[in-house]
Amino acid sequence: MFDLNASREKFKFDHLNSFSMDSIDWEKRKNHYKKLTEIEFFSIYQDSLRNYQGDYEQSIDLEFYYSIQKRKSDFNEITILWQKEGEYCDGITYIIFDKKGKIIDRFPVAGSCGDGGYYDEKYGEFLNDSIYKMTYEDYNERDEPEIGIKRVFERFYTISKNGKVKMSEKLISTDTLR
């Protein structure tokens, strides 16, 4: 179970309405945010199948305390900043807990990924107390040199009264880039 009160001082921000990825080098994030320990990692994610990588001094596969969120709800809500070298991705995840610290649901609020010929960028904002709108830009190179497809989606994450999250998505645009 996650104890928000015991971790409160470790969060960098307090109640953000919008999210996007920072420009801090992965190796330097340890100097800007508090890293989750292994015990904290498992108390937050509550998933024994997840792999904690933060014990190794050289590891950059890390999770950090990001923000405490204060919606008008009966839940404890936080965000965690993470980076995964093997996936070439970093992101921010919004996590909803009941008052006893049991996880109810989670959803992405920002992120970016990239590797040879592919990248994506995710960012967004709360439209109101229960709907988060995320813009998702996706770029893929095609087989032909210097031709790529860029698609833009809008994803809407709706947090219900019981803390569960539903996602809907719509394609906004598709462009061929040369």
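The values are calculated or read from the model by the stated rules, or taken from the named source; none is laboratory data. In this text the structure is predicted, and so the values were computed from the model without any measurement. We place every Cβ from the backbone using ideal geometry, glycine too, and count neighbours over all the protein chains shown. Surface areas here come from the heavy atoms of the whole protein model, side chains and all, with no ligands, DNA or RNA. Shrake-Rupley method; radii C 1.70, N 1.55, O 1.52, S 1.80 Å.
Annotation note: Cβ proximity below 9 Å between a residue of segment 89-103 that is basic (Lys, Arg) and a residue that is in a strand (DSSP E or B) (sequence gap 6+ or interchain) occurs for Lys99/Asn76.
A quick yes/no check of all residues on (1) under 29 Å from Lys35 (Cα atoms); (2) hydrophobic (A, V, I, L, M, F, W, C); (3) touching a Ser or Thr at 6+ places or on another chain (Cβ under 7 Å):
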residue	(1), (2), (3)
Gln69	yes, no, yes
Met134	yes, yes, no
Val152	no, yes, yes
Lys164	yes, no, no
Leu171	no, yes, no
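Scanning segment 123-178 for residues that are of a type in the set (D, E, K, R) and either touching a residue at least 60 places away in the same chain (Cβ under 8 Å) or in a loop (DSSP other than H, G, I, E, B) (or both) returns Glu125, Asp129, Arg142, Asp143, Glu144, Glu146, Lys161, Lys164, Arg178.
Once segment 21-51 is narrowed to residues that are of a type in the set (S, T, N, Q) and either part of a helix (DSSP H, G or I) or within 10 Å of Phe64 (Cβ to Cβ) (or both), the residue that is most open to solvent (accessible area, probe 1.4 Å) is Asn31.
Restricting attention to segment 69-83, the residues that are at pLDDT below 90 and either part of a strand (DSSP E or B) or in contact with a strand residue (DSSP E or B) (Cβ under 9 Å, 6 or more places away or on another chain) (or both) add up to 2. Within segment 106-124, the set of residues being surrounded by fewer than 16 Cβ atoms within 10 Å (Cβ to Cβ) and under 16 Å from the mean Cα position of the chain (by Cα) comprises Gly114 only. Check segment 92-99 and report whether any residue there is acidic (Asp, Glu) and surrounded by 17 or more Cβ atoms within 10 Å (Cβ to Cβ). Checked against the condition, which is being acidic (Asp, Glu) and surrounded by 17 or more Cβ atoms within 10 Å (Cβ to Cβ), segment 92-99 yields no hits at all. The single residue among Ser130, Ser160 that is hydroxyl-bearing (Ser, Thr, Tyr) and exposed (fewer than 15 other Cβ atoms within 10 Å of the Cβ) turns out to be Ser160.
Listed by first and then second residue, the pairs linking a residue in segment 24-38 that is over 13 Å from Gln83 (Cα atoms) to a residue that is open to solvent by 80 Å² or more (accessible area, probe 1.4 Å) and not in a helix (DSSP H, G or I), with Cβ atoms under 8 Å apart and 6 or more places separating them unless they lie on different chains, are His32/Lys12; Lys34/Lys12; Glu38/Asp55. Once segment 73-105 is narrowed to residues that are aromatic (Phe, Trp, Tyr) and under 11 Å from the mean Cα position of the chain (by Cα), the residue that is nearest to Asp3 (Cα to Cα) is Tyr94. Annotation note: of Asp3, Asp55, Asp61, Asp14, the sole residue that is open to solvent by 70 Å² or more (accessible area, probe 1.4 Å) and free of Cβ contacts under 8 Å to residues at least 40 places away in the same chain is Asp55. Among the residues of this structure, Lys84 does not count as one that is open to solvent by 10 Å² or more (accessible area, probe 1.4 Å), without any contact (Cβ under 8 Å) to a residue 60 or more places away in the chain and more than 18 Å from Met21 (Cβ to Cβ).
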